[in-house]
1. When you check residue 38 against the structure, is it closer than 21 Å to residue 149 by Cα and modelled with pLDDT of 90 or more, yes or no?
2. May I ask you to list the residues in the stretch 230-250 that are under 17 Å from residue 326 (Cα atoms) and free of Cβ contacts under 8 Å to residues at least 60 places away in the same chain?
3. Mind listing whichever residues of the stretch 267-292 are in a loop (DSSP other than H, G, I, E, B) and either more than 17 Å from residue 218 (Cα to Cα) or out of contact with any helix residue (DSSP H, G or I) (no Cβ under 8 Å at 6 or more places or on another chain) (or both)?
4. Do we find that residue 295 is closer than 19 Å to residue 347 by Cβ, within 18 Å of the chain's Cα centre (by Cα) and part of a helix (DSSP H, G or I) in this structure?
5. Before we move on, is residue 308 in contact (Cβ under 8 Å) with a residue 12 or more places away in the chain and either assigned to a strand (DSSP E or B) or surrounded by fewer than 22 Cβ atoms within 10 Å (Cβ to Cβ) (or both)?
6. Just need a number here: residues in the stretch 398-422 that are outside any helix (DSSP H, G or I) and either surrounded by 12 or more Cβ atoms within 10 Å (Cβ to Cβ) or in contact with a strand residue (DSSP E or B) (Cβ under 8 Å, 6 or more places away or on another chain) (or both).
7. Taking the condition part of a helix (DSSP H, G or I), within 18 Å of residue 114 (Cβ to Cβ) and modelled with pLDDT of 90 or more, does residue 193 pass?
8. For the stretch 173-183, does any single residue satisfy the condition of being outside any helix (DSSP H, G or I) and buried (at least 24 other Cβ atoms within 10 Å of the Cβ)?
């Protein structure tokens with residue numbers, strides 16, 4: 001306990017106050033407060049749940065300020081502890097923890113091992129400004145798990161879709177974002193990370209397109225947006241890193257907004273099936289406006305905030321491959337959210353049977369007000385980006401020409417929905433393996449690995465001697481030939 005206290009005290013006394021870190025912290029804290037207020041109005045929760053939620057959000061907001069490995073690791077794990085406490089309070093707590101904790105414990109072990117290698121090389125617990133120089137592979141896998149990078153994303157998809165709606169709102173903003181911040185803070189920039197981010201953004205949006213339930217749909221879009229962030233904060237170009245940091249803050253606003261919209265619309269429609277939630281546009285004006293604001297923001301439509309960070313990011317990346325991949329992802333995102341808006345809010349036709357949702361005036365007014373505030377925030381972050389993050393280039397903003405050019409790919413994506421969505425969906429359903437298939441493959445690989453280990457550890461002394469002699473020869477060969 002004294003170690004945790006010391007790490008927290010050092011973070012408070014000697015914080016890391018680089019502007020990007022401050023912006024990320026403020027974005028997590030602001031949304032976290034709005035999300036907690038939303039849940040307080042939306043549903044009743046136990047005291048233990050509130051403790052976990054506050055720890056989760058508070059640790060996420062504090063982590064960017066850490067300047068040393070001890071503080072980073074402790075606060076990183078407090079994010080996990082907070083989420084675990086929240087999951088304990090969910091109806092299917094055992095199943096959720098089985099899906100969530102093993103991945104997080106693996107990430108913790110890898111991060112700690114990577115930090116140990118960094119300390120062994122540098123002799124200091126300070127976090128290097130240019131990224132770690134030792135243990136990069138271990139640290140890279142750890143932050144990839146926390147950021148839910150494919151194929152290490154199963155913990156997030158399997159967890160977020162099974163919790164109650166209010167819990168999903170809280171969880172959506174923190175864990176993956178501190179994973180992305182870990183990439184920014186711990187790993188040096190490279191073209192490899194740019195391309196990796198582009199691949200993840202594209203593949204995840206393809207998975208989102210094949211979803212027919214709302215929360216899996218949003219969960220895969222979280223991963224896709226994380227791909228954009230990785231391409232930016234993982235770039236070697238300074239402007240791309242700034243764009244990536246701004247994009248880290250933007251989805252906290254619009255993805256949280258979309259999770260709130262879904263949390264409110266599912267009880268009203270009685271279903272989470274995207275194709276069966278029609279008519280919301282004629283039932284709730286405020287939710288319709290919020291859904292449109294969130295959809296336009298994530299699709300990168302000017303003048304909303306997603307356009308600012310995505311356009312700046314794509315204009316400043318070093319790798320043309322990454323730029324093309326993010327363009328494809330952008331078209332897919334626009335197509336995807338055209339489907340969401342059309343089926344849920346804009347499609348004409350008879351309304352399905354309404355479900356009576358008992359909401360008091362305070363609850364109804366409060367939850368809708370929070371969605372309206374986030375909608376306005378998405379717009380203001382697009383209109384006045386440098387008021388929120390002064391490190392953005394002076395030229396950042398929207399002109400008449402950029403407004404028109406920014407509509408090109410979103411319009412292309414929307415047109416694809418009305419013209420070719422059916423054939424595209426059939427291709428995706430045939431070619432992309434589902435989550436259950438991926439889990440089955442991982443289980444099969446794990447079983448075979450255990451069987452191989454059992455065969456190798458048969459108790460035969462000759463086999464053990466062979467390993468010892470062979471390993472020694474390899475070690476001495478490396479010592480002799482190494483420069």
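The values are calculated or read from the model by the stated rules, or taken from the named source; none is laboratory data. Remember, it's a predicted structure, so these values are computed and weren't measured experimentally. In this analysis, Cβ positions are derived from the backbone assuming ideal geometry, glycine residues included, and neighbour counts consider all displayed protein chains.
1. On the way: closer than 21 Å to residue 149 by Cα: no; modelled with pLDDT of 90 or more: yes.
No; evaluated as a whole, the condition is false for this residue.
2. 233, 234
3. Listed by number, the residues that qualify are 270, 271, 278, 279, 283, 284.
4. For residue 295, the condition - closer than 19 Å to residue 347 by Cβ, within 18 Å of the chain's Cα centre (by Cα) and part of a helix (DSSP H, G or I) - is met.
5. Judged against the criteria, residue 308 is not a match.
6. The initial filter retains those residues of the stretch 398-422 that are outside any helix (DSSP H, G or I), namely 398-399, 407.
Then drop every residue that is not either surrounded by 12 or more Cβ atoms within 10 Å (Cβ to Cβ) or in contact with a strand residue (DSSP E or B) (Cβ under 8 Å, 6 or more places away or on another chain) (or both), which leaves 398, 407.
Number of matching residues: 2.
7. yes
8. Keep residues of the stretch 173-183 that are outside any helix (DSSP H, G or I), which gives 173-174.
Those left that are additionally buried (at least 24 other Cβ atoms within 10 Å of the Cβ): 173-174.
The answer is yes, given that some residue of the stretch 173-183 is outside any helix (DSSP H, G or I) and buried (at least 24 other Cβ atoms within 10 Å of the Cβ).
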